[in-house]
Amino acid sequence: MQERSYPRLRLLAASLLVLAALGCEAPDRQEGAQSAAAEVQQMLDRRAEALNSADLNSFRGPVAPEHRKVEEPVAQRILALPVKDISFELQTGTVANTFPMTGVSAELTYRFEGTPQTNTFSIPVTYGFDGPPDAPVIAEAAIDTDQLPPWFGQHTGVSSTEHFLALHRPGTEGVQQVLEVAEAARTELQRSVPADLDPVFVVVLAGDDVDYQRVTGRDLLEELPRVARAITRFSITPELYQARYRHLVVNLDRMEREGTGPQTFQHELVHLALASVTRPITPGWVSEGAAMYVANQRPNWTQRVTTGSFDTASIEELSNSSQLGGERPSGERAGLEYAYAAGAAFYLIDRFGEDAFWSFYRDFAAVPPGLIYDALPTVPQPPGEGSLAELTAGTTARLIEENFGLSFDQLDRGIRTYIAASSG
Ligand SMILES: [Zn+2]
């Protein structure tokens, strides 16, 4: 299973555009003086440089003493983590033209050693700035500590192998063994996934169900599977789509009890490996089908064939959401949809070959980001509803036709025949 979420860029970008359209003039300013926004960005760049060189004094410098305690624990933690390329990104739509400014949004961004430059993580910070204009100071700072990732909380232990950086509670047992399973899964994956694998993957090791629930923020009663999940956050503008924040969360206790280590790692690594070509309009049956095919997870089709429960399954219905299982990814419906998604991937590859299937997969990433950006809901919507669902379904119908010459109905018939034949 994978989790994909996106920030509030859509609203900010819109406000920027409006400003330009109105052609509003900034207040008079003596010749050569930089804009307030530029002054603030420069000050934040100096702070980021200070953090990159572990110079906490310079980092604290421009902050009003009574507000230093807000960022201090985060700064200390960042210096203890194997990270680099720390920077501050100002959300320019929230910066005023003059001082004092309040409610300015910024992102403290960094990446883990060895990971690709595209895989950045960030912490939202809200600032207030005060003059003088040529030496702005931070008059207020706020960080939502509930939103901080687990490596800013209890998971301060760091372990690594050639291709994995693991974050876990200090004293967690069996970390090296789990990373060896992950390494073997990655090696296997290199042979079967048409994507360049990240040189280093980030994985958070949760000790048990309770820890997994805390780390993922998901209610275990709602969740299927409870062993691991791939997490990606994407940012999107009309011009650019970026898959960031890519990491795995693994439930060590369940993985051991269920003995599904190798397959689970392969499955979830597929999601991370394909994150750069997966879009909010990539249907869940395609992304999950792909992961189950590569991890050779053939669900038990026989029982469902016997009870005829696949007769109601429909690729057209599954093609309006990037998730499976709708609002309840735990129930019987999710189990049925995962089984049908696996059937779809195994069938398409069996009939048209892996290359055709991967080119079909990549075609979703060829959809212009502007189309996806415009279809993104500005308020949360149930999966499978609204403009994003329409774009997902329309794109899928077109790509199934273009890549396989099939309609939704023809594909359903093919899947059912394949599943019936495979369940013997
Ligand atoms: Zn999955």
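A few comments on the model shown:
- Of the chymotrypsin sites (Phe, Trp or Tyr not before Pro) found in region 275-346, none is in coil by DSSP with at most 13 other Cβ atoms within 10 Å of its Cβ.
- Neighbourhood net charge (9 Å Cβ-Cβ; Lys/Arg +1, Asp/Glu -1) for F129: -3
- By accessible area, using a 1.4 Å probe on protein heavy atoms only, region 279-424 has 49% of its surface on carbon and sulfur.
- Under Karplus coefficients 6.51, -1.76 and 1.60, residue-wise ³J(HN,Hα) of region 67-80 in Hz, glycine/proline x: 10, 5, 5, 5, 8, 3, x, 5, 5, 4, 5, 4, 5, 8
- Here the peptides 200-207, 371-378 are ranked by packing, the mean other Cβ count within 10 Å, and the order with the highest first is 200-207, 371-378.
- Mean separation of Cα contacts under 8 Å (6+ apart) over length of the chain, as relative contact order %: 14 percent
- Percentage relative contact order, region 128-202, counting C-alpha pairs under 8 Å, at least six apart: 22 percent
- In loop segments of region 126-195 as defined by DSSP, the GluC sites (Glu not before Pro) with at most 14 further C-beta atoms inside 10 Å of their C-beta are E162, E173.
- When the GluC sites (Glu not before Pro) in region 290-374 are filtered for DSSP coil states and for at most 16 other beta-carbon atoms within 10 Å of their beta-carbon, the remaining sites are E327.
- Accessible area of region 149-278 belonging to carbon and sulfur atoms, whole % at 1.4 Å probe: 49 percent
- Residue-normalised accessible area of the chain, given per residue in Å² at a 1.4 Å probe: 45 Å²
- Taken one residue at a time, the phi angles of region 99-114 give Karplus couplings (6.51, -1.76, 1.60, θ = phi - 60°) of 8, x, 10, 10, x, 8, 8, 9, 10, 8, 10, 7, 9, 7, 3, x Hz. Gly and Pro are set to x.
- Counting only DSSP H runs of at least 4 residues, each contributing -39500 (n - 2.57), and dividing by the residue count of the chain, the helix-based mean residue ellipticity at 222 nm comes to -13500 deg cm²/dmol.
The values are calculated or read from the model by the stated rules, or taken from the named source; none is laboratory data. Because the structure is predicted, anything quoted here is derived from the model rather than measured. All Cβ positions, even for glycine, are placed from backbone atoms using ideal geometry, and neighbour counts span all protein chains on display. These accessible areas exclude ligands, DNA and RNA; they are computed on the full protein's heavy atoms, side chains included. Shrake-Rupley method; radii C 1.70, N 1.55, O 1.52, S 1.80 Å.
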